[in-house]
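What follows draws every value from the coordinates through simple rules; no lab data is involved. Just so we're clear, the structure is a prediction, and the values are computed from it rather than from any experiment. Neighbour counts run over all protein chains shown; Cβ positions are idealised from the backbone, glycine included.
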Amino acid sequence: MTWPGDADGDVFRRLQSHGFDFEKLYAVDYIIEFKDWPPPVQALADLRRNYQSVRVFEPSDGQNGYVQVTIRELVRYERVILVQRQLTNQMLIYGGVCDSWGVLQE
C-alpha cells in the first residue's frame with residue numbers, strides 16, 4: 001500500500017510497519033479542537049445529532065480541552081481525510097477544527 005507524503009500518510013505507514021490489520025473494523029477517534037473553550041452548546045448538539053459517540057475532554061494538567069468523535073470503521077486514508085474535512089466544515093462556524101485522529105491497534 002502507498003499513501004501520500006503528508007502527516008496522515010506517515011501515520012498509515014507507521015501503522016503498516018507495526019502489522020496493523022487494515023481489513024478489520026476499528027474505533028477511529030477524531031479530535032476537534034476549538035478556538036475558545038468550552039465549545040458552544042450548539043456545536044456539541046450538532047455533533048451528537050450526526051455521530052453516535054461524542055465525548056468532551058475538559059482541559060487538565062496544562063492541556064487544552066477537546067471533543068472526540070469516535071466512528072467504528074475500516075481505517076482508510078481517503079475516509080480519514082474525508083471525515084476530518086467534514087468535521088472541520090461542520091465545526092468551523094463554532095471555531096472548531098479537526099486535524100488529528102487516532103486508532104488503537106487491538
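Miscellaneous remarks
- Applying 1/(1 + (r/R0)^6) with R0 = 35 Å to the Cβ-Cβ distance of Q105 and N64 gives a FRET efficiency near 0.85.
- Among the GluC sites (Glu not before Pro) found in the stretch 4-83, those both in a DSSP coil and sparsely packed, with 13 or fewer other Cβ atoms within 10 Å of their Cβ, are E23.
- Once both labels are positioned 7 Å from their Cα atoms along Cα-to-Cβ, the gap between R13 and I81 label points is 1.6 nm.
- Residue separation of V97 and W37 scaled by 0.36 nm, minus their Cα-Cα distance, works out to 20.3 nm of gained length.
- For the pair D21 and W3, label points projected 7 Å from Cα toward Cβ lie 1.9 nm apart.
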